[in-house]
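Contents: one structure, followed by commentary.
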Amino acid sequence: MKRPPEAASRRRTKILLLGLSGCVFVAVVLFAGGPLAGGLTRLLLPRVISEARAGGWVVRTVTFRDADLRPWATLRWSDVEAEILPPPPRRSASPHGPPIRVRATGIEAGLAGLFPPRVDLSVQGIRINSAIRVAGPEDTPFASADLDVPVERVDRGSFELPDVPLGFRPRTIVRREVEAMHALLIEGSVARPVTFGARLHFHLRGSAHELRLQSEWSEGRTWLRIHRGDLDTLSARYYRPLTPTERDLLARHPVRAPVLLRIKDYAERAARRLAASDPVYVEDSTRHVLWSYWLARTFDADFAREVGEAHEIGSDNSAEESARDRANNALGRDFAADGKTEGQVVNLIRKDPRLVRAAQPSLLRAPQPSGPPRR
């Protein structure tokens with residue numbers, strides 16, 4: 001049955017109006033979507049910031065230059081800056097430590113699915129300009145120069161969080177994702193896929209160093225790692241180079257790596273100084289006691305034992321030398337467990353019968369050909 005001309009005309013008009021409405025919607029999205037997204041973001045930021053807390057860290061402010069809505073339902077915020085308050089240092093009257101400022105060239109949220117709704121979140125061009133402090137024992141003799149500011153800055157960073165769920169509970173979503181990033185960057189691993197990369201800068205022995213950080217998915221978790229080749233380069237600068245096993249351990253513990261290196265450096269310098277002042281302090285034995293003592297004080301006895309074993313397994317020591325080093329490492333851990341101060345430890349090294357001293361080199365021994373020092 002043929003439709004009346006009026007009905008056909010009305011149908012064509014409806015189709016035309018729908019087409020025009022679609023064009024207007026697309027135009028609004030393309031040309032006004034960014035300002036609308038920016039306005040909505042600024043409206044919601046106070047609530048998001050109030051929920052962005054994890055492990056004593058607080059996000060105080062977040063700003064951005066502009067927002068842009070791109071094809072395929074992707075939102076981008078440009079030139080984002082945030083100020084984060086870390087937990088307070090020990091014995092501090094302030095509720096937080098000095099602020100850390102984080103910058104990013106861009107943040108993108110792209111629609112990844114509708115049922116349920118979820119997005120892929122990515123951040124590019126991350127730079128952390130403020131020093132990152134790691135809490136350590138209050139009486140560390142190297143705190144002000146070394147341990148207090150182990151990391152100078154982080155730059156050239158980026159990360160991707162896939163499948164971030166959306167819903168009607170932004171508080172739960174924000175807190176979960178903030179805690180995930182906190183776990184990865186502060187604790188070294190998180191139980192979800194994350195892609196992360198950055199450059200870590202710090203000073204050691206008066207020289208600037210740079211290490212590449214990268215993420216690795218293994219056994220159902222994302223682990224933060226140091227690029228192994230960078231540790232090979234760093235090790236060559238030491239009088240006693242890091243063993244391959246030590247470098248593997250450092251690569252697995254990037255958050256602790258700068259502090260571990262400083263403890264190693266401090267123990268070597270202190271042992272040399274003591275040995276030069278009094279022959280009762282045999283440098284090798286003194287170094288192992290002080291090294292293990294500060295590892296246990298700064299972290300814990302189990303981790304101190306792991307570090308000591310990594311050193312011995314990868315060294316070229318004889319069985320007798322390794323047994324002596326392990327005994328002195330254990331003595332250092334015992335001193336830490338007993339709550340001894342470093343001054344007491346230095347005094348105990350003189351007279352504790354449990355200390356195993358390395359044989360002092362004879363002054364009458366003929367000179368030996370130069371070569372790499374014993375680890």
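Each value in this text was obtained by applying a stated rule to the coordinates, not by laboratory testing. All of these numbers come straight from a predicted model, not from anything done at the bench. Here Cβ is always computed from backbone atoms with ideal geometry, including for glycine, and neighbour counts include all displayed protein chains.
Model label points for residue 327 and residue 179, set 7 angstrom from Cα along the Cα-to-Cβ axis, are 4.8 nm apart. For the peptides 256-266, 305-315, the ranking by packing is 256-266, 305-315, with the highest mean count of neighbouring Cβ atoms within 10 Å listed first.
For region 252-266, the residues whose backbone nitrogen is under 14 Å from a point 7 Å from the Cα of residue 238, taken along Cα to Cβ, are 252-253, 257-266. Counting neighbouring Cβ atoms within 10 Å and putting the fewest first, the residues 173, 107 line up as 173, 107. Exposure proxy for 331, 85: other Cβ atoms within 10 Å of each Cβ, ordered fewest to most, give 85, 331.
Using only side-chain charges placed at the Cβ, +1 for Lys and Arg and -1 for Asp and Glu, the dipole size of region 238-362 relative to its Cα centre rounds to 380 debye.
Segment residue 70..residue 191, full-extension length gain: 40.5 nm, with 0.36 nm per residue of separation and the alpha-carbon distance subtracted. By the compact-protein rule of thumb, 2.2 N^0.38 Å, the alpha-carbon radius of gyration of region 238-362 corresponds to a ratio of 0.99. Using R0 = 30 Å, the C-beta based FRET efficiency linking residue 155 and residue 309 works out to 0.30.
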